[in-house]
Amino acid sequence: MITRLVSDVSGDHALKAGVDVSVIRSDSYGPGGFNGIWRFTGLPGTGVGANTPFDADLRETYPSQYLKFSGDPYSVSDTEVYALFFEDLWKPVPRLTLSLGLRWDYEHTFGIAGDRDNLAPRLGVAFSPRAGGNTVLRGGYGIYYDAVLFRALSNSTSGDRISSTTVNNPGYPDPGSPSLRGRTVTLAPNVNRMAATLRTPLTHQASVGVRQALANFAFSVDGVWAQGYNLLRTRDLNYPDLDDP
């Protein structure tokens, strides 16, 4: 970051400019569930709990679900975040201060299209209506870009390489064998991945307030408004047709 003070050019200026770079490299290995996970829940009201030993002739001791992961447990999640910013803290007259800024953010990461138009203007105003500065009126507006959560990137990277299969009411020890608990249901493999057209999350924020100094105390009242856009969510692209039995 570079700072320069400029005086007597339509008032006083404190100019700041800088570059912000964050590079994250992560290699992970998550083999959990590749050998299968059994869930024993027992049956309420029967006296058979989740820790009751298995008995092939007693349906209440059969597992309620079998979950197995397959694919590649190794994953690499890399992300790079770049930002450029400029700010002018301008004092055109002694009782008025303007904070003018512009920031550019860009995130380059696995599976996300380049979103390079993330310009974020900022404006702040502070004004003292009377000499002495005991009363200050202030307000501001700005656009603030976020980075995609690294946990979401990591989950998507591994989710694109790993699928899961669930069997409800499985047999035991072979999940595909007949079960005494009821019908065996095998669900289609489940895969998670990041959308290729994902855009950077952002918020528009505005505030207005007043600060009053009295003797050894200062009182402030502020109102803040924020509106978010492009916020992350999950979407089931293979949601079943509930009208089809």
Restricting attention to region 114-131, does a residue exist that is touching a residue at least 60 places away in the same chain (Cβ under 8 Å) and assigned to a strand (DSSP E or B)? yes
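For (1) under 33 Å from the mean Cα position of the chain (by Cα); (2) within 20 Å of T166 (Cβ to Cβ), each residue gets a yes or a no:
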residue	(1), (2)
G32	yes, yes
N35	yes, yes
R39	yes, yes
A50	no, yes
P53	no, no
L58	no, no
Q65	yes, yes
P73	yes, yes
Please go through region 61-80 and pick out each residue that is open to solvent by less than 40 Å² (accessible area, probe 1.4 Å) and touching a residue at least 60 places away in the same chain (Cβ under 8 Å). Y62, P63, S64, Y66, L67, P73, S75, S77, T79
Give the number of residues within region 121-143 that are surrounded by fewer than 13 Cβ atoms within 10 Å (Cβ to Cβ) and touching a Leu at 6+ places or on another chain (Cβ under 6 Å). 1
Return a yes/no flag: does region 198-206 have any residue that is at pLDDT below 80, not β-branched (V, I, T) and not in a strand (DSSP E or B). yes
Taking the conditions exactly as written (closer than 19 Å to S177 by Cβ and surrounded by fewer than 12 Cβ atoms within 10 Å (Cβ to Cβ)), does D57 satisfy them or not? yes
The lone exception for I24 - which of (1) at pLDDT 80 or above; (2) touching a Ser or Thr at 6+ places or on another chain (Cβ under 9 Å); (3) over 30 Å from R161 (Cα atoms) it fails: (3)
Within region 24-54, residues surrounded by 13 or more Cβ atoms within 10 Å (Cβ to Cβ), more than 30 Å from T109 (Cα to Cα) and among the aliphatic types (A, V, I, L, M) come out as I37, L43, V48
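The values are calculated or read from the model by the stated rules, or taken from the named source; none is laboratory data. As the structure is a computational prediction, the values presented were derived from the model and not from experiment. Every residue, glycine as well, gets a Cβ built from its backbone with ideal geometry; the counts of neighbours run over all protein chains shown. All accessible areas refer to the heavy atoms of the entire protein, side chains included, with ligands and DNA or RNA removed. Shrake-Rupley method; radii C 1.70, N 1.55, O 1.52, S 1.80 Å.
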